[in-house]
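Following: one structure in structure tokens, then a few remarks.
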Amino acid sequence: MTGIESEDAAAVERIAGAISQRASELLRTRISVTDRHGSLLASRVPDDAASEESNGTAWGSLVGGPDDIRVPLRLDEFGRLGEVIVALPRAGEETIPPRLAQALVDLVVNQVAVVDRLPNGVELKNKLIYDLLHGTTTNQARVLREAKLLGMDLSPPRAVILIDAAEFVRGTPDPRAEPRFGAAEMGRRSQLLIGSVVGFFLLPDETICAASGDGEVAVLKASDSKNLASWVDQDDDPESPGASWANLNALKRAGQALLVRLRHDTGGRFGLNVGIGRYHPGVRGLARSYGDARAALSLGRRIHGHNRIHCLDALGVAAFVGLADERTKFDLATHLLSPLDHEPDLLETLRVFFEEDRCPSSAAARLGVHRNTLGYRLEKVATLSGLDPRRFDDAVQIRLALLLRSLAAG
């Protein structure tokens, strides 16, 4: 064996050992890694079960049984192909769905490959995402270079989907209470969530996600029509009313479907919430998208409760009352009124309708139209905007949106 071949073999064994160790910690079962000939490269069981494994039979054969989960392993730069074998859990152990196990193994393989190429790769990736979400890094060219080195593609337009899984990760519904689990178990549960997200979107290279602390997972989801094709409706208009709201309906559908998957993968016993952020251009826009998702989550949980998706445009009056950022309020007002931008008669009707304290007879008389004509116009407003000015909550939203927009124009 030449020196190069020896180095390659050692690298493969190192990678196999790291994969089996990390995956066994996450899945709590035996993980074996074999080469393309079926020869064993590495095998590991959870540390807390190692003593039970001394006879080698706790999870069956080292190279797997007919019912074990087998995930192809491709590390082509090392010239080897093989399999990662996930043993069936023992009796009484928690069962993880096969597709989640496969997604987790894929995630571990990607992480281990990055770590092997770049020291502390996972930590660097998480720090970069943290800095992006909190707006502490603004040099776009440098960020794109660092992301590429870490195997992250930030070139597609991206919006933030923020998952609140504090109950699942911490083991308690009370955020003020001490976590039921230790740091290692909470880290494992966060990784389970990330594996579920990666498996759901089916495109690990297009879905960048990281645990952001306190039981939250942030997903930097590619938000262009191509990457949201499964959730774009034929009636959607992705270019209207503006870039920051583009494909928002498709993002919300994706978020709803993701919530269903996460509830299934976590056993359905824990309160989960998903906040949807708008797309904002550029690297700096990720911090704004994260701010949208956080604000929607914070308000939505208090108003609508758990196990829902939350987005700014679905919060109703609470968005205008609870949001602190004036720019976001103006953006929301513009978004709500945009379907009426080319309907000056409807905007004038709304102005008079509100000035007459929503009295149909007075408003119709002032406008010089029949009361039935006023009713027709108000119905058209409801059809176009989704907000009915004859309903109190909707009327308040429209009125506030009109006021905000007029103040900004003045």
Peptide ranges 170-181, 278-289 listed from the most packed, as the mean C-beta count within 10 angstrom indicates: 278-289, 170-181
So, counting K/R as plus one and D/E as minus one, what does the shell of residues with Cβ under 14 Å around V381 add up to? 0
So, with points 7 Å from each Cα along the Cβ direction, the K148-T136 label distance in nm works out to 2.5
Net charge (Lys, Arg +1; Asp, Glu -1) of residues whose beta-carbon lies under 14 Å from that of A296, A296 excluded, is +2
Let me see the P(r) profile for the range 306-410: every Cα-Cα distance counted, bins of 5 Å, each bin given as a percent of all pairs. 2, 12, 24, 23, 18, 11, 6, 3, 1, 0
If packing is taken as the average count of other Cβ atoms within 10 Å, what order do 208-220, 296-308, 23-35 fall into, highest mean first? 23-35, 208-220, 296-308
Descending packing, highest mean Cβ count within 10 Å first, for 371-377, 321-327, 392-398 is 392-398, 371-377, 321-327
Proximal lysines to K127, defined as alpha-carbon separation beneath 21 angstrom and excluding residues fewer than eight positions away on the same chain: K148, K221
Between T383 and L88, the two model label points (7 Å from Cα along the beta-carbon direction) sit apart by a distance in nm of 6.0
Label-point separation in nm, E348 to R263, each point 7 Å along Cα→Cβ: 4.8
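Every number in this text was worked out from the coordinates using simple rules, so none of it is lab data. A quick note: this is a predicted structure, and the numbers were derived from the prediction, not measured. Every residue, glycine among them, receives a Cβ derived from its backbone with ideal geometry; neighbour counts consider all protein chains shown.
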